[in-house]
Protein chains: 2
Amino acid sequence: MLSNELEQLRQQLDGVNNDLLELINQRAEIVQQIGQVKNKQSINRFDPVRERKMLDELTQKNHGPFENSTIEHIFKEIFKASLELQVDDHRKALLV
Amino acid sequence: MLSNELEQLRQQLDGVNNDLLELINQRAEIVQQIGQVKNKQSINRFDPVRERKMLDELTQKNHGPFENSTIEHIFKEIFKASLELQVDDHRKALLV
């Protein structure tokens, strides 16, 4: 009985994991496009003001269970990875 | 023209950020429920085998643009935060 409950919850979790994977990569694609537009305009890719604004919006909308500090931490990791992706793209563009 | 393009991409990004926020917290709620079931069964909350399995499934399904190593890194941060949440819940339950 309880094992069954656990199994069902795990299936739900796998579903959410897959949705998260899709969204994280979808976000990365948008960030790559932003990087391309910024390259054309010679705008610096790292924009700490915009990043702070996004974090503030997210924590304002956050109703938990995660604390705001945890949401900030997770999103900062996603932002950092996205920036690294843009830097890689830029490097590849320079090598072409 | 380009600024407009940038503005549109940023709006898309804000939308994805909000969806990610919802999903990350939805995932946390499921993990909390799993923690409750595990408490009843006295199963240890940290299950490295299950964690490895989830990471393997995610990297198998990953088609980028993020590298598998980046996906693993981001999800490990989410796993770690989820485990901390379960530990907090357990501590609160003990204090009641």
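The values are calculated or read from the model by the stated rules, or taken from the named source; none is laboratory data. Since we're looking at a predicted model, the values are computed, not measured. Virtual Cβ from ideal backbone geometry, glycine too; neighbours counted across all protein chains shown.
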**OP:** Return yes when B:Gly35 is surrounded by 17 or more Cβ atoms within 10 Å (Cβ to Cβ) and more than 8 Å from chain A (Cβ to nearest Cβ) and no when it is not.
**Re:** yes
**OP:** Just name the residue that is farthest from the other protein chains (Cβ to nearest Cβ) out of those in the range A:38-84 that are assigned to a helix (DSSP H, G or I) and over 24 Å from B:Glu22 (Cα atoms).
**Re:** A:Asn39
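Give me the residue from the range B:85-96 that is surrounded by 14 or more Cβ atoms within 10 Å (Cβ to Cβ) and not acidic (Asp, Glu) and, out of that set, nearest to the other protein chains (Cβ to nearest Cβ).
Residue satisfying both the conditions and the ranking: B:Leu85.
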Subject >> Matching option when the condition is at pLDDT below 95 and either within 15 Å of B:Ile24 (Cα to Cα) or of a type outside the set (Val, Ile, Thr) (or both), among A:Phe75, A:Phe46 >> reply: A:Phe46
